[in-house]
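Okay, so here's the structure we're looking at.
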Amino acid sequence: MEENATRHIKVDDMEPAMFQTLLHFIYIDAFPHNNCVDKNVPLQYLFVVADRYGLDRLAAMCEQRLCDGIDLHTVATTLALAEQHQCVQLKQACLGFLSSHGVLSDIQETDGFKHLISSCPSVVGNIINNIAV
């Protein structure tokens with residue numbers, strides 16, 4: 001962050017919509033409207049930023065919404081996020097989805113799964129162990 005004499009604050013690593021969403025939460029103490037988060041601010045990114053800036057309540061709210069929204073298209077990237085941020089609940093929800101829905105063969109060709117393997121190779125063993133049980 002950078003502040004100059006004109007009272008402007010420059011945040012290099014955050015889009016304006018994300019900053020607006022964070023300010024909304026800080027001032028209102030409520031989760032932003034769903035249409036704002038879905039269209040302008042990806043929920044996974046909001047979680048990462050909340051975690052980075054120590055907004056634990058917002059991070060927990062995001063984690064719960066991520067758990068509730070796991071599907072075929074999001075499970076791999078959400079699992080990588082859970083692994084990178086040590087989110088046990090979110091990781092268990094992803095592994096549970098993979099084992100209960102039998103979708104592993106469907107997600108193996110997705111970009112999210114390729115990202116998961118390259119960024120968190122140890123998770124592949126967790127997936128296999130959970131599916132084998």
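The values are calculated or read from the model by the stated rules, or taken from the named source; none is laboratory data. Computed from a predicted structure; not experimentally measured. In this analysis, Cβ positions are derived from the backbone assuming ideal geometry, glycine residues included, and neighbour counts consider all displayed protein chains.
The set of residues from region 41-84 being closer than 18 Å to PHE25 by Cβ, in a loop (DSSP other than H, G, I, E, B) and either in contact with an Asp or Glu (Cβ under 9 Å, 6 or more places away or on another chain) or touching a residue at least 12 places away in the same chain (Cβ under 8 Å) (or both) comprises VAL41, TYR53, LEU55. Taking ASP56, is it surrounded by fewer than 15 Cβ atoms within 10 Å (Cβ to Cβ), under 20 Å from MET18 (Cα atoms) and at pLDDT 85 or above? Here the answer is yes, as ASP56 does meet what is asked.
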